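First comes the structure, then the notes that go with it.
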Amino acid sequence: MRNMLLNGKNITKTYFTGDASKELVVLDRLNFEMESGTIAAISGLSGSGKSTLLHILGSLDRPDSGEIYFKDRMINELNNTERAEFRNKNLGFIFQFHHLMPELTALENVIMPKLIAGKSFAKAKKQAYDILSKLDMEARKDHFPNQLSGGEKQRVAVARALINNPELILADEPTGNIDIKHSEELLQLLFDLNKGFSTSVLIVTHNLEIAKRADKTYNLKDGKLERLK
Ligand SMILES: Nc1ncnc2c1ncn2[C@@H]1O[C@H](COP(=O)(O)OP(=O)(O)O)[C@@H](O)[C@H]1O
Ligand SMILES: [Mg+2]
């Protein structure tokens, strides 16, 4: 039986730069469906709107029109507080740039979403430590982001994305800024999470290997998704 996890219907997003004649229709009545427990990959040229789409599907940004459902819940009409709570509870984001907080250590960065979710500090700390260890980062836990390499920062960001056991991970070109070895490890981790815990993954990527291994693959072009696989 099909078990719908994420569903975007008729999503339109237009950016206006300067006067109204310079409108840029980035997403044009776009539809997207994703079933629970699957991995979907979206590719597309630079500037085609991949990040815009991922941010809208992940409730970080709002469409001009259209609806977004997470399971049976319509998320596009939630207010900002509700959206933040929804994201914290259900989604894990991995961005191209790590977006770690510079004034917090690796461990503290990973702890933060757990504290926001209302868990005790002791519990959050233990779990953050466990996840960092799994990612071979225990020796770096007390380092600040500017003391870490690109690959290490991205692993901290991944640990932070995973700490609340999200049902869906949204990854925007997560391997764009790290070396081949660490990018392969990161991808393997995402596939392992999918296999082991049925975590769903929506990944924006130029990497054809990922696109091939995903359950479904799309290309974003002219504001619409075309199915490749
Ligand atoms: N906040 C914004 N204001 C105006 N234009 C934007 C904004 N964000 C993105 N764009 C434009 O929308 C298009 C799609 O951007 P983006 O979603 O980042 O594409 P991609 O991730 O595929 O490279 C690009 O032409 C970009 O310049
Ligand atoms: Mg992008």
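The values are calculated or read from the model by the stated rules, or taken from the named source; none is laboratory data. Just so we're clear, the structure is a prediction, and the values are computed from it rather than from any experiment. Here the Cβ is made from the backbone with ideal geometry for all residues, glycine too, and neighbour counts use every protein chain on show. For the accessible areas, the whole protein counts, side chains as well, though only heavy atoms, and no ligand, DNA or RNA atoms are used. Shrake-Rupley method; radii C 1.70, N 1.55, O 1.52, S 1.80 Å.
Might you check whether a residue that is more than 30 Å from F197 (Cα to Cα), within 13 Å of ligand 1 (Cβ to nearest atom) and in a loop (DSSP other than H, G, I, E, B) occurs anywhere in the stretch 24-45? So far as the stretch 24-45 goes, yes, one or more of its residues are more than 30 Å from F197 (Cα to Cα), within 13 Å of ligand 1 (Cβ to nearest atom) and in a loop (DSSP other than H, G, I, E, B).
Only one of the numbered conditions (1) buried (at least 21 other Cβ atoms within 10 Å of the Cβ); (2) part of a helix (DSSP H, G or I); (3) not β-branched (V, I, T) is violated by L202, and that is (2). Residues in the stretch 1-34 that are without any contact (Cβ under 8 Å) to a residue 60 or more places away in the chain and closer than 19 Å to K229 by Cβ: R2, E33. Checked against (1) more than 22 Å from D215 (Cβ to Cβ); (2) within 16 Å of ligand 2 (Cβ to nearest atom); (3) polar (S, T, N, Q), N79 passes all but a single condition, namely (2). Pairs are defined by a Cβ separation below 8 Å, a sequence spacing of at least 6 or placement on different chains, a first member in the stretch 96-119 that is outside any helix (DSSP H, G or I), and a second member that is within 16 Å of ligand 1 (Cβ to nearest atom); the pairs so defined are Q96/D172; Q96/E173; Q96/P174; Q96/G176; Q96/N177; F97/N177. Out of curiosity, is P166 buried (at least 23 other Cβ atoms within 10 Å of the Cβ), in a loop (DSSP other than H, G, I, E, B) and in contact (Cβ under 8 Å) with a residue 24 or more places away in the chain? No: the conditions fail for P166. Of all residues in the stretch 169-199, those satisfying the criterion of being outside any helix (DSSP H, G or I) and aliphatic (A, V, I, L, M) are I169, L170, A171, I178.
Being open to solvent by 20 Å² or more (accessible area, probe 1.4 Å) and either modelled with pLDDT of 95 or more or touching a Cys at 6+ places or on another chain (Cβ under 7 Å) (or both) holds for only one residue in K153, K125, and it is K125.
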